[in-house]
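The values are calculated or read from the model by the stated rules, or taken from the named source; none is laboratory data. Since the model is a prediction, treat every value here as computed from it, not as a measurement. A quick note on method: Cβ atoms are made from the backbone with ideal geometry, for glycine too, and the neighbour counts reach across all protein chains shown. Heavy atoms of the whole protein, side chains included, go into the accessibility calculation; ligands, DNA and RNA do not. Shrake-Rupley method; radii C 1.70, N 1.55, O 1.52, S 1.80 Å.
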2 protein chains.
Amino acid sequence: MQHEISADHVLFVQDFYPDDFSWCYGCGRLNEHGLQLKTYWNGDETVSVYVPRPEHTAIPGFVYGGLIASLVDCHSTGSASLALYRRDGHELGDPDPVPRCVTASLKVDFVKPTPLGQPITTRGKIIEVGRKKVVVQSEVFVEGVLCARGEVVAVLAPDTMTGGRK
Amino acid sequence: MQHEISADHVLFVQDFYPDDFSWCYGCGRLNEHGLQLKTYWNGDETVSVYVPRPEHTAIPGFVYGGLIASLVDCHSTGSASLALYRRDGHELGDPDPVPRCVTASLKVDFVKPTPLGQPITTRGKIIEVGRKKVVVQSEVFVEGVLCARGEVVAVLAPDTMTGGRK
């Protein structure tokens with residue numbers, strides 16, 4: 001595991017999304033079928049750790065690319081929420097609502113086959129914070145070995161998706 | 001549905017992958033937990049149709065981005081297999097083994113939120129065919145509306161993944 005912080009003290013952004021926006025298959029805490037990815041600040045970088053299921057295979061022994069893409073995607077939207085919240089002077093636990101972001105574009109370079117069976121750690125850097133847009137670059141590791149690189153442009157969820165709810 | 005061809009006459013590339021390489025969560029016919037995406041030629045374009053599960057939500061009412069990325073990913077590796085097989089003078093049903101490709105890079109632009117509940121049709125164009133590499137551009141539609149664009153660089157599965165099996 002690449003957690004540097006005891007789980008006792010970590011706050012995960014997905015635990016602060018409003019209930020209406022907590023159903024995502026990738027990271028919604030209320031989606032019992034989903035991956036329930038959890039993302040936290042570790043200094044200025046963001047971290048998510050996910051243990052793949054045996055069925056998340058590509059060719060046997062390796063993780064299928066769609067899972068890596070899903071982890072990069074939800075890790076990045078979570079990171080974008082954290083970045084916008086911090087930009088506005090907040091940290092998780094403050095009473096103000098946490099913004100909910102969605103993905104405008106996703107890019108993943110598969111550096112090498114990702115072995116299946118160990119936790120997958122995604123580490124993100126906030127590259128750019130605009131008014132409604134955040135660019136996140138991520139690296140995906142298994143047992144310390146870089147397996148993939150990602151870049152996501154995340155934006156605040158538009159009213160067409162949220163129905164104007166916040 | 002956007003099938004132009006009766007399903008009775010369609011051959012899907014994933015049905016011709018060797019058993020050892022048919023466990024992918026996205027498109028393996030032997031992975032009972034997975035998506036079992038199926039890809040076929042329609043003239044010079046490739047097509048896959050997938051009906052999302054209710055849990056494949058992002059914000060309620062819309063498909064989560066990781067599923068779109070997974071569909072583009074497996075649609076593209078399937079398309080790459082078809083393209084390499086045709087380049088070598090074969091069509092599905094020939095006795096020669098179908099090549100198995102994996103993803104080197106994946107890019108998805110989310111054009112608009114993808115509504116959840118209807119079949120998702122991915123249509124691919126073969127942009128470039130190299131010796132071991134194929135570039136596939138895809139468009140993702142729901143009810144005829146373009147929701148996402150994808151570009152994948154797919155390559156023949158390396159021996160590090162296949163153990164040298166073909």
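Quick look at the values:
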quantity: Other protein chain Cβ atoms within 10 Å, averaged over every residue that makes up A:68-74; calculated: 6
quantity: Between helix B:65-87 and chain B: long-axis angle, C-alpha atoms, 0 to 90°, nearest 10; calculated: 30
quantity: HN-Hα J in Hz across the range A:125-139 - Karplus 6.51, -1.76, 1.60, θ = phi - 60°, x for Gly and Pro; calculated: 10, 7, 8, 7, 10, x, 5, 10, 10, 9, 9, 10, 9, 10, 10
quantity: Solvent-accessible area per residue, Å², over the range B:41-90 with all protein chains present [probe radius 1.4 Å]; calculated: 26
quantity: Helix-only mean residue ellipticity at 222 nm for chain A, each DSSP H run of n ≥ 4 adding -39500 (n - 2.57), per residue, nearest 500; calculated: -5000 deg cm²/dmol
quantity: Ascending list, in nanometres, of distances separating the B:Arg86 label from those of the other copies (7 Å, Cα toward Cβ); calculated: 4.8
quantity: Chain B, accessible surface, carbon-and-sulfur percent (1.4 angstrom probe); calculated: 52
quantity: Mean Cβ count within 10 Å, highest first, over the residues of peptides B:139-145, A:101-107; calculated: A:101-107, B:139-145
quantity: ³J(HN,Hα) computed for each position of the range B:116-122 - Karplus, 6.51 cos²θ - 1.76 cosθ + 1.60, integer Hz, glycine/proline x; calculated: 9, x, 10, x, 9, 9, 10
quantity: Contact surface B-A: accessible area buried, both sides summed, square angstrom, 1.4 angstrom probe; calculated: 3000
quantity: Net charge over other residues, Cβ less than 14 angstrom from the Cβ of B:Ile120 (K, R count +1; D, E count -1); calculated: +2
quantity: Other-copy label distances relative to B:Glu55, 7 angstrom Cα-Cβ extension, nm; calculated: 0.8
quantity: Whichever aspartates and glutamates have a C-alpha closer than 14 Å to that of B:Lys112, once near sequence neighbours (fewer than 8 apart) are set aside; calculated: A:Asp159, B:Glu139, B:Glu143
quantity: Average other protein chain Cβ within 10 Å of Cβ, residues A:96-106; calculated: 4
quantity: Net charge over other residues, Cβ less than 10 angstrom from the Cβ of A:Trp41 (K, R count +1; D, E count -1); calculated: -2
quantity: Teacher prompt: B:Asp159 distances to equivalent labels in other copies, 7 Å Cα→Cβ, nm; calculated: 6.0
quantity: Residue-averaged beta-carbon neighbours from other chains (10 angstrom radius) around B:50-59; calculated: 6
quantity: J(HN,Hα) series, the range A:14-30, from Karplus relation 6.51 cos²θ - 1.76 cosθ + 1.60, nearest Hz, glycine and proline x; calculated: 5, 6, 10, 5, x, 3, 4, 10, 10, 10, 4, 4, x, 9, x, 5, 9
quantity: Inter-part distance where the range B:24-72 and the range B:82-104 are each reduced to a Cα centre, Å; calculated: 21
